[in-house]
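Structure record follows, encoded as structure tokens.
The values are calculated or read from the model by the stated rules, or taken from the named source; none is laboratory data. Being a predicted model, the structure only gives us computed values, none of them experimental. Cβ sites come from the backbone with ideal geometry, for glycine too, and all protein chains shown count toward neighbours. Surface areas here come from the heavy atoms of the whole protein model, side chains and all, with no ligands, DNA or RNA. Shrake-Rupley method; radii C 1.70, N 1.55, O 1.52, S 1.80 Å.
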Amino acid sequence: QQQQQQQQQQQQQQQQQSWQRQPSLQEADIDDTELYSQPAEDAHSVGRQQQMPPEDPSPDLDFYADPATAPAPEIAFPPKVETRVAAEPVPTSVAGSAPPGPPPPAGALAKPRAVTAGGLSGLFSGASSISLDAQDIPKTSMCWPCGGPIKGPMPTTYRSDSLMDSCEWEQHLDMRIEGYAEDIIEEFPLALAKQTCIELGDKCHAVICKYSKDYCTVHADAALRQYKGETAYVKRCRVPAKDAADGSCGSKPPESVAAPAVARTDPNVGSLPGKTAIVLLAHNRAEEVDRCLASLLAQPGIERYELAVSLDDATAYAAMKRLVERVAAQHGVRIAVWPLVEKVIPDPNKHNDELRKWLDYNTAKIAHHYWSAFERAFQDYNFESAIFVEEDLIFAPDFLALFRSSHWLLDHDPSLWCISAWNDFGYTHVTGDSCRLQRTSYFPGLGFMIQNEVWKRLREEWPTAPTMGWDYWMRVAFRRAGKECVVPEISRSHHNSARGSSISTSKQVRLLSLMALAQIPSICGASGPCHQFGDISYLASDTYEVWMQSTIDKAQKLSSPALLAGATQQKADIVYVLPFTHEDSRKLVEKLIMPSKVKGAIPADLRSEHYGVVVTRSKARSLLLLVDKRSPRGYLGAASLRLREDCESVAGAQGESCKNACASKGTVCDASQMYFFNNCATLEKHFGCEAGCAHQVGKELPVYVPDDFQPTYRQCLVSFISPMTCDAKHASTSRVCACCHSR
């Protein structure tokens, strides 16, 4: 025993010394390049507080942060071998006898993961402890589970049997593991707990059952500790063979993967016709660019794309270009580095004082960079399609397979304008289906594809000053045109940096770390059609609406979120519908979707929604649909809220409240009816909207801006966030009001 302990100690020391040679995440993120400074607010600017809010903290293009102010990320180190002497004999099958595994490869950085309340602080005094060494950590790479027949209630090609069969479970009596997986503290029956743990991938290593198999929880750590009365089930999943192009784990997928029927007549289904580019937008963060390119170049089928990097920092341009050229040479590929994106030079003849100040804001620089990238991709180089990514992203194994599998939808369905790898509400605790794709009217960004003809239309409407950010303007433009995007339930892109222009708090770092990233392999080779997700014809607009309406009609209706209080009160195989209104959506999302301890981390708009419907999961992992009573699709039938027949939209004078505007016509303002007029079409009916239509925040929205002092001069402004009011007014704007003939 003494010899074994000495050997373990020597091995542990060797591992620790090896780990110490690896650069820490903090060291890798040091960036001394001079960054943009934020202009000081002009105390004499009328309306600046409303028209120009603080920088949007949503995960946008995050390369303008000051490293000195960025929060220090939490580091998840590889598990170490503990050498404590157990209080009681421990079965060798738990600890294992294999030597510790190798340290992580040079440059490999563990993803930050927050320590939960149930983590190390919850250890019991006097309890013996055994840790699985690095080699014994359960393998969690997923087998390919897609390609089955389309099934519901919300359409998917997920083959749950293939995924469940790919993992085995080791049972350990009188053992427990600390640290809940992804803050999921709910108790499930054993079968559902195992399914949840498998869906969580490498974020869950075991299931612990208390008292009986009806009260089980999912756990992230690998350290088994003796604890009488509890049973641990440690997950071990088979890894897809390296030479298995189908991503199978010893068993083959169906002989013929179900493909869309249109594939029989259209050879482009599952392919990328014409010239397609991948454009990486970057500023000056070499470590992130290196990591992003490595993730991209590891994608199967990457050789089918033309690669380009767009840079906008003159001081770092030469160094960043050398980095890209080095990476390209190492991988034997061609990566174009586009000419520097020049700064916008304010023109006093075109830009008022406030607009010239706004052009120095980070939001303006990011918007201009995207404009330039769109212009070069589609106007200068005439690509038919392009995928746009940012420097601080990494990607799932089937990131490119997503675009190859679904690109054909953009040609066949005119209501679709983009494919995106990012689900804004794709948190690990409310997702689980790696095969389900869905439609959203909320433009997501963060790894998305659009086509040349889409940009030709958008560029004609692009405003000089998208003051809330380019992405919010895109959301308005998409809704204005009645267009949507296809997104996966589980994201295929992941934010992989603890700093950025919109990453400035520990809450934001925590929130992004809790976003799920799919782990299933790509079955698509370098040639031939790709049907990674099987038959996705259910995403065609008419078909999708039939599924959506049928699911809502058959689901169990809930009258209050309180009915979703605990997982044990629900059934995983039942679909729930919870109707809501915009007035209570913020609290609803915080309670049912957002992770804990992240309140206020991002703007409180309703994301990932399809005309007011958000598809998510309850605490019991059952399907939950949040349905807006004011949805323009009227999904709730008689329970839907509609515009009152005695109400009409009325334009107020500049600086006038809706209360006074309605009173002047002998009517009464009704704030609840104003949500029906919070759109570009209504504003265009009353005002010129010469500078376009965009998103803003403020109590007096929706409005038109006739004040030439404002950076939003001659814009119409709607809001995805602000509540509607009757009393508010602003000296620089003219309101659209809901005036009703009776209360």
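Results, tabulated for the structure shown:
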| read-out | value |
| --- | --- |
| Residue check for W422: part of a loop (DSSP other than H, G, I, E, B), of a type in the set (F, W, Y) and open to solvent by 10 Å² or more (accessible area, probe 1.4 Å) | no |
| Flag if R439 is in contact (Cβ under 8 Å) with a residue 12 or more places away in the chain, closer than 18 Å to E609 by Cα, of a type in the set (D, E, K, R) and touching a Leu at 6+ places or on another chain (Cβ under 7 Å) | yes |
| Flag for G445 being open to solvent by less than 10 Å² (accessible area, probe 1.4 Å) and under 29 Å from A181 (Cβ atoms) | yes |
| Subset of region 609-630 [at pLDDT 95 or above, assigned to a loop (DSSP other than H, G, I, E, B) and not aromatic (F, W, Y)] | E609, G612, K629, R630 |
| Candidate set from region 513-540 (those that are outside any loop (DSSP other than H, G, I, E, B) and out of contact with any Leu (no Cβ under 8 Å at 6 or more places or on another chain)); member that is farthest from C418 (Cα to Cα) | S513 |
| Region 396-413, residues that are assigned to a helix (DSSP H, G or I) and either of a type in the set (G, A, S) or open to solvent by less than 10 Å² (accessible area, probe 1.4 Å) (or both) | F399, L400, A401, L402, F403, R404, S405, S406, H407, L409 |
| T725 being under 23 Å from R480 (Cβ atoms) and hydroxyl-bearing (S, T, Y) | no |
| 3 or more residues open to solvent by 10 Å² or more (accessible area, probe 1.4 Å) and either closer than 30 Å to Y713 by Cα or in contact (Cβ under 8 Å) with a residue 40 or more places away in the chain (or both): qualifying helices (runs of 4 or more DSSP H) within region 298-379 | 353-358, 362-375 |
| Given (1) open to solvent by less than 40 Å² (accessible area, probe 1.4 Å); (2) hydroxyl-bearing (S, T, Y); (3) at pLDDT 85 or above, number of the condition S497 does not satisfy | (3) |
| The lone exception for W144 - which of (1) surrounded by fewer than 17 Cβ atoms within 10 Å (Cβ to Cβ); (2) in a loop (DSSP other than H, G, I, E, B) it fails | (1) |
| Of all residues in region 442-472 being farther than 21 Å from L410 by Cα and assigned to a helix (DSSP H, G or I), the one that is farthest from the chain's Cα centre (by Cα) | W470 |
| Near pairs, Cβ below 9 angstrom, 6+ apart or cross-chain, from region 630-646 (under 20 Å from C739 (Cα atoms) and aliphatic (A, V, I, L, M)) to any residue that is open to solvent by 40 Å² or more (accessible area, probe 1.4 Å) and outside any helix (DSSP H, G or I) | L641/K629 |
| Residue tally, condition outside any helix (DSSP H, G or I) and open to solvent by 10 Å² or more (accessible area, probe 1.4 Å), over region 380-395 | 6 |
| Residues satisfying the stated conditions in region 454-480, i.e. modelled with pLDDT under 95 and aliphatic (A, V, I, L, M) | A465, M468 |
| Candidates R633, R617 - the one that is under 30 Å from A516 (Cα atoms), buried (at least 21 other Cβ atoms within 10 Å of the Cβ) and either out of contact with any Pro (no Cβ under 9 Å at 6 or more places or on another chain) or not hydroxyl-bearing (S, T, Y) (or both) | R617 |
| Verdict on K659 being in contact with an Asp or Glu (Cβ under 7 Å, 6 or more places away or on another chain), at pLDDT 90 or above and open to solvent by 30 Å² or more (accessible area, probe 1.4 Å) | yes |
| Residue ID - most open to solvent (accessible area, probe 1.4 Å), chosen from residues in region 160-183 that are touching a residue at least 12 places away in the same chain (Cβ under 8 Å) and assigned to a helix (DSSP H, G or I) | D165 |
| Candidates V575, V598 - the one that is out of contact with any strand residue (DSSP E or B) (no Cβ under 6 Å at 6 or more places or on another chain), open to solvent by less than 30 Å² (accessible area, probe 1.4 Å), at pLDDT 80 or above and not aromatic (F, W, Y) | V598 |
